[in-house]
Structure formats: C-alpha cells, structure tokens
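First the structure, in the form of structure tokens, and then the observations on it.
The values are calculated or read from the model by the stated rules, or taken from the named source; none is laboratory data. Every value quoted in this text rests on a predicted model; they were computed, and no experiment measured them. Surface accessibility is based on the protein's heavy atoms, side chains included, excluding ligands, DNA and RNA. Shrake-Rupley method; radii C 1.70, N 1.55, O 1.52, S 1.80 Å.
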Amino acid sequence: MNTIKKNTICLWYECDAEEAAHFYARTFPDSSVGAVHRAPADYPGGKAGKVLTVQFTVCGIPCMGLNGGSMFKHNEAFSFQIATDDQAETDKYWDAIVGNGGTESACGWCKDKWGLSWQITPRALTDAMTKGGEIAKRAFAAMMDMRKIDVAKIEAAIRGPSN
C-alpha cells in the first residue's frame, strides 16, 4: 500500500511528472517510483484519465509530482543537493542530468530537462567550507570559476599555494 508520508515535497510539472520520476529513480540511489494516480475528471492542467500525480523517492526523500499544466515553473529557489564522494560520482550525476536535456549552470548547479535545479556537490567542497578560515576561502574561490565541480582543483585549493 502506498501512503503519503507526513512531509512530502510536491513538485509541479507541466505534464510529464511520471517521466521525471522514472528518470530520477534510474539515476540516483535510494530512489523509486511509487503510485501513479490518474485524474478522475478534467482539470485546468489536463483531462480525465491522464496522470495527475506520481509518488516517488529521490535519494530517500519522498516526493510527489503533480502534472498541473504550464502555470508554474521551477526555479533555483528550490534544488536537490546531491553529495558526491569523488569525481567519478560527480561526473556520473552531472552527466546524467545535463546529458538528458538539462543545462549547466555555475558552482555545481545544473537543471534537468524539466527545469528542476540540482546541486551536484562533492564532499571535499562541503568539508572545506565547514572548516572555515583560509581553507574555506580558497575552496570557495576555486568553486566560483567552475560549472561542474572539479574535485582535484578543490583539493589543490584546500592544500593552498606550494612553497
């Protein structure tokens, strides 16, 4: 039985929430597609019988996709942040999103083809930022020039200039 969790993120899609949910389930660990509900009657964003909502999980986070029509669009005010362990994992997720019709942005951000923002963030970067001080400043400065995060360049920035 699929039940909605007490707190579920609802994401608005024009008409292809089910396609997005299946993409996320194929791409990210601890992700799956649950119940798909069809509209019992016509509604402003669609017709009776069309997929209205899709329950899915992204990296353990419960979500619901709502096919609501073209009235609202995703923006950077909401994003999924995916922590990666190394360059291979960073490349894997970045390339999956961008390579599936998405677009690159700056500082580890990209958008999927549905306009949803993702931060593909290596742990090396977040660890450096939590240390503060000069390490955080150098890692932050290195990140500011990147689109996809280059772990080797972040690690070099953390080590600092050679003497």
Query raised in the report: Under the classification rounded if a/c is under 1.5, otherwise prolate if a/b is larger than b/c and oblate if not, where does the range 56-126 fall, given a ≥ b ≥ c as square roots of the Cα gyration tensor eigenvalues?
Result: prolate
Report summary line: Of every hundred units of 1.4 Å-probe accessible area on the range 108-163, the number belonging to carbon and sulfur atoms, as a percent, is 52
Report task. Report, in degrees rounded to the nearest 10, the 0 to 90 angle that the Cα long axis of helix 133-144 makes with the longest principal axis of the chain. Result -> 60
Report task. For the chain, give the share of DSSP beta bridges that are antiparallel, in percent and rounded to the nearest 5; count only bridges with both residues there. Result -> 60
Query raised in the report: Where does helix 87-99 land angle-wise versus the long Cα axis of the chain, in degrees 0 to 90, nearest 10?
Result: 40
Query raised in the report: If you line up the long axis of helix 17-27 against the longest principal axis of the chain, both from Cα atoms, how many degrees apart are they, to the nearest 10?
Result: 40
Report summary line: The lysines whose Cα lies under 18 Å from the Cα of residue 6, excluding any fewer than 8 residues away in the same chain, are none
Query raised in the report: If you build a Gaussian network model of the chain, linking Cα atoms that sit under 10 Å apart, which residue out of 78, 56, 23 swings the most?
Result: 78
Query - Rounded to 5, percent antiparallel among DSSP beta bridges of the range 47-121 - result: 70
Query raised in the report: How long, wide and thick is the range 95-163, going by the Cα atoms along their three principal axes, in whole angstroms, largest first?
Result: 45, 20, 16
Report summary line: Rh_Kirkwood(the range 1-48) over Cα pairs, Å, one decimal, evaluates to 12.6
Report summary line: The convex hull of the Cα atoms of the chain, divided by residue count, gives a volume in Å³ per residue of 121
Query raised in the report: Accessible area per residue of the chain at 1.4 Å probe, in Å²?
Result: 56
